[in-house]
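Heads up: the structure comes next, in structure tokens.
Only the coordinates and a few stated rules stand behind these numbers; no lab work does. Everything numeric here is computed off the predicted structure, so don't read it as measured data. Methodologically, a virtual Cβ is constructed for each residue, glycine included, from the backbone with ideal geometry; neighbour enumeration extends over all protein chains shown.
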Amino acid sequence: MRFSASLALLLSLSALHAEVAMTTEAPASTVRCVYSGTDGHCVEPVLKSGRELVITVLGQGVAPSVTASPAQAYALAKRSAIADGYRQIAERVRGVQVEGQDSVKNMMLVQSSTRTSVEATVRGANILNTTFKEGLCEVEMEIALSYTQFSR
């Protein structure tokens, strides 16, 4: 018996909702609060006319263990961190497509697979800060979105 991809989507939606709720605690995927609710807490950001939404992410990249020089290791780790940052921005703006499949035999899970993908074009992202230590490069990136960009 095979469970549909919609079941995996429903299960992952609760995980995605939990991730959005934790954005104030996890600096790796924060979304800056553009406006506050009546109780002073950050509400889920919504892109509205006349307002700007700023999304900040932290991309991470690891230097390969075998490189010709430390400079090459740094360059490759930075390139990887930037690509990770772009992916995170695309996930925030366009969403993530989730496909899942479970195989059950004799009322026991035999195989489970989940695949996620995102497709988007990211323009105008800025690199705010780059740090490199112990083979890990972290790139803080930010993009400002306005209503007019999407109303064309």
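A straight Cα-to-Cα reach below 30 Å connects K133 with the lysines K78, residues fewer than 8 places away in its own chain not being considered. Projecting label points 7 angstrom from Cα along Cα→Cβ for E52 and S117 puts them 3.5 nm apart.
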